[in-house]
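The values are calculated or read from the model by the stated rules, or taken from the named source; none is laboratory data. Given the structure is predicted, the values throughout are model-derived calculations rather than measurements. Note that each Cβ is placed from the backbone with ideal geometry, even for glycine, and that neighbours are counted across all protein chains shown. Accessible surface areas use protein heavy atoms only, side chains included; no ligands, DNA or RNA. Shrake-Rupley method; radii C 1.70, N 1.55, O 1.52, S 1.80 Å.
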Amino acid sequence: MDSPANNNRSSLIYLLLFIGIIILVMYNFRQETSEQEELPIGVVAAQIQSGRISRIVIDENNLRVIYPDGSEAVSQKEGETTFVEQLKELGVTTADLNPENVTIEIKPPSAWFGALNILGYVLPFVMIAGLFWFVFRQARGGGNAAMSFGQSKARKVTGDNPTVTFEDVAGIEEAKEELYEVVEFLKEPEKFISLGARIPKGVLLMGVPGTGKTLLAKAVSGEAGVPFYSISGSEFVEMFVGVGASRVRDLFNRAKKDSPCIVFVDEIDAVGRHRGAGLGGSHDEREQTLNQILVEMDGFDTDTNVIIVAATNRPDVLDPALLRPGRFDRRVILDRPDIRGREGILEIHVRGKPLAPDVDLQKLAQATPGFVGADIENMVNEAAILAARREKESIEQKDFVESIERVIAGPERKSRLISEGEKQIIAYHEAGHAVTARALPEADRVHKISIISRGQASGYTIILPEEDRTLVSRNKILADMVSLLGGRAAEEIVFSDITSGASNDLERVTNLAREMVTRLGMSDELGPMVYGKKDELVFLGREISEQRDYSDAVAEKIDAEVKQLVSTSYQKAKDILLKYRAELDAVAEKLLEQETITQEELDEIFPTPNSKNAGLPVKNKA
Ligand code: ADP
Ligand code: MG
Ligand code: ZN
């Protein structure tokens with residue numbers, strides 16, 4: 001980081017050093033200058049005695065000897081004693097020194113000379129101090145932090161020359177729409193306020209790395225036409241406690257002055273982690289910073305048009321206080337793009353690159369399941385490099401195919417290419433979840449099904465409740481267990497074999513069953529009782545230890561009951577899938593074809609609404 005201010009300061013130091021050296025040289029030089037003949041002091045004494053000198057000027061230890069004819073000579077006295085004392089030692093009498101014989105003048109030290117003298121003492125200190133300061137600054141990483149710890153390093157961007165617009169973002173349509181609304185809010189706040197709408201305070205972008213969170217935020221800055229402050233969460237965290245909080249204050253003060261505007265905090269998990277989970281004091285700074293962010297967000301008046309957009313790829317570690325209504329009340333999930341999304345992203349990144357006529361973007365999109373935007377950008381770039389190294393005029397399909405392999409095999413590949421066979425199993429597994437959930441009236445609605453791998457899961461089915469629930473009935477939990485087991489059941493029915501893909505489902509089902517028995521009193525066998533004490537270990541975050549307060553006999557009963565619940569649910573899942581085999585096949589096929597299925601598309605394939613008389617009734621007794 002070499003800012004102009006930084007350069008100025010270091011050249012100032014060099015200038016000081018240079019001046020210092022010149023002064024020292026001049027100082028020494030002055031003491032030695034003399035072009036005149038230098039007489040030993042003994043000669044001067046003899047000449048005084050013989051009355052041949054008319055005047056002597058003493059300047060420190062230098063003597064200027066002036067003769068009656070106007071000629072001059074110089075001499076030196078010793079430093080320790082006065083001139084007169086020295087003369088007397090050489091035999092000069094007081095009579096010889098009477099003013100009629102010789103005038104002795106003592107020249108006062110000149111002001112310039114005195115200043116020089118002082119400088120001679122002070123300068124080394126100044127230079128050493130300067131040097132220390134200089135070294136300290138360098139050690140601090142060269143930032144201009146020494147002078148501005150408490151100021152935020154946020155960069156302000158105005159949308160006058162946008163480099164990124166919504167045109168440059170593809171494959172994450174829902175997120176784009178959501179942010180488009182935010183832009184509209186800022187452009188015409190009156191329109192929304194007149195209808196009584198409250199402008200959102202915070203928008204949280206969540207998604208795995210490379211899905212385009214930072215890109216989307218930049219696009220917003222390009223489109224919004226309002227000032228845009230951008231800062232990364234880690235920039236709040238410094239060596240000194242309290243700096244983060246004061247930077248937050250500074251940033252928000254600047255933003256409020258510029259309202260309407262957008263503040264973008266990238267990688268907010270750097271400060272927004274769960275509070276109170278730290279062992280020791282190392283988390284204090286982050287906590288203070290986070291608290292300050294919360295305070296500032298709460299302090300916005302309804303007419304302060306400042307919207308905070310934050311991005312994270314670890315929403316699971318965020319402090320719940322950040323997610324409360326009134327703070328980041330809008331949460332936008334950026335999924336891995338599906339086949340259509342990937343095609344759109346490919347189109348963006350091949351823009352302006354010469355393509356051979358055989359390039360088929362749709363095929364490329366098909367061949368890149370699991371790729372996120374950043375992977376695709378990387379892949380296109382690799383293809384261009386390959387083509388250039390082969391001295392081609394344009395990029396051919398072959399280059400793209402090869403670069404896909406490169407990106408997958410590369411060391412930093414997190415997503416994986418899924419083989420046809422695996423893809424089929426995953427499709428049926430997810431279809432199994434969807435079809436069972438659909439067939440059970442108590443289950444929630446299927447929102448989206450996908451066979452694009454995400455995190456640990458190779459595919460996923462999002463099932464969301466239509467309304468918020470505070471009470472969960474036993475039938476609802478049983479239905480959830482059945483649809484969780486639907487994936488494994490489908491594998492067994494269709495392939496007569498089962499895979500490791502269901503391990504997460506099984507864990508969740510087992511936990512649900514255990515909860516029902518030990519915590520919710522939902523087992524006839526064990527009755528309405530709670531078994532075991534749970535302790536939350538505050539200092540380890542959310543870790544939970546369990547204390548057993550029941551006998552071995554009861555423990556056996558619990559285990560038997562849990563097993564019973566799970567196996568009944570599994571049987572139920574298989575029954576449903578056998579009954580709706582045609583729908584299961586149709587959903588799986590559609591998944592293989594387009595990788596994701598929306599709620600509406602599922603409605604078409606499996607029109608049975610989630611009504612009371614649809615599907616198999618779930619009986620009360622498990
Ligand atoms: P994140 O912040 O989510 O980790 P970035 O926004 O930094 O990811 O994305 C890195 C790069 O990948 C972007 O600069 C862009 O070139 C490309 N990219 C990512 N997602 C998309 C997308 N949806 N559309 C187009 N390009 C994308
Ligand atoms: Mg980013
Ligand atoms: Zn599953």
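For the pair Val530 and Gln594, what calculated FRET efficiency results from E = 1/(1 + (r/R0)^6), where r is the Cβ-Cβ distance and R0 = 41 Å, to the nearest 0.05?
For Gln594 and Val530, the calculated efficiency is 0.30.
Taking H placed 1.01 Å from N in the peptide plane, check which residues at least 5 places from Ala310 or on another chain put their amide H under 5 Å from its amide H.
Amide H neighbours of Ala310: Val203, Leu204, Leu205, Val265.
When ranked by the protection proxy of mean other Cβ atoms within 10 Å per residue, highest first, what sequence do the peptides 335-348, 488-501, 48-61 form?
So the peptides 335-348, 488-501, 48-61, ranked by packing, come out 335-348, 488-501, 48-61.
May I ask which of Lys533/Lys563; Lys156/Lys201; Lys533/Lys572 have a Cα-Cα span longer than 25 Å here?
Result: Lys533/Lys572 exceed 25 Å.
Under 5 Å between amide H atoms, partner at least 5 residues away or on a different chain: which partners does Thr103 have, H built in plane at 1.01 Å?
Residues meeting the amide H criterion: Arg55, Ile56.
Roll a 1.4 angstrom probe over the protein heavy atoms and tell me the percent of accessible area of the range 33-108 that is carbon or sulfur.
Summing carbon and sulfur atoms, their accessible area is 49 percent of the total for the range 33-108.
Could you work out how far apart the two model spin labels at Ala560 and Ser503 are, taking each label as a point 7 Å from the Cα in the direction of the beta carbon, and quote it in nm?
Going by the 7 Å Cα→Cβ label model, 3.1 nm.
Ranked highest first by the average count of other Cβ atoms within 10 Å around their residues, in what order do 351-362, 200-211, 554-565 fall?
Top of the packing list down: 200-211, 554-565, 351-362.
Kindly report the accessible area of the range 339-409 per residue (heavy atoms of protein chains, probe 1.4 Å, no ligands, DNA or RNA), in Å².
49 Å²
Rounded if a/c is under 1.5, else prolate if a/b beats b/c, else oblate: with a ≥ b ≥ c from the C-alpha gyration tensor eigenvalues square-rooted, which is the range 553-612?
Cα axes put the range 553-612 in the prolate bin.
Using 7 Å Cα-to-Cβ label points, what is the Ile128/Ala115 separation (nm, one decimal)?
Placing both labels 7 Å along Cα→Cβ, they lie 2.5 nm apart.
What is the percent carbon and sulfur in the accessible area of the range 298-354, measuring with a 1.4 Å probe over the protein chains and ignoring ligands?
49 percent
Between Asp69 and Glu37, what FRET efficiency follows from the Cβ-Cβ distance if R0 is 22 Å, with the result rounded to 0.05?
Once the sixth-power term is evaluated, E becomes 0.90.
So, counting K/R as plus one and D/E as minus one, what does the shell of residues with Cβ under 10 Å around Gly51 add up to?
After counting each charged neighbour, the total is -1.
Can you bin the range 339-409 into rounded, prolate or oblate? Criterion: square roots of the alpha carbon gyration tensor eigenvalues sorted a ≥ b ≥ c, rounded for a/c under 1.5, prolate for a/b above b/c, oblate for the rest.
prolate
From the backbone phi of the range 332-340, what are the Karplus-calculated ³J(HN,Hα) couplings (6.51 cos²θ - 1.76 cosθ + 1.60, θ = phi - 60°) in whole Hz, Gly and Pro given as x?
Listing the rounded values in order: 10, 9, 9, 7, 4, x, 8, 4, 5 Hz.
Where a Cα-Cα gap under 13 Å defines reach, which aspartates and glutamates qualify for Lys77, not counting those fewer than 8 residues away within the same chain?
Within reach: Glu38, Asp59, Glu60, Glu85, Glu89.
State in Å² the accessible area per residue of the range 163-226; use a 1.4 Å probe, count heavy atoms of protein chains only, and round to the nearest integer.
Roughly 45 Å² per residue, with all protein chains present.
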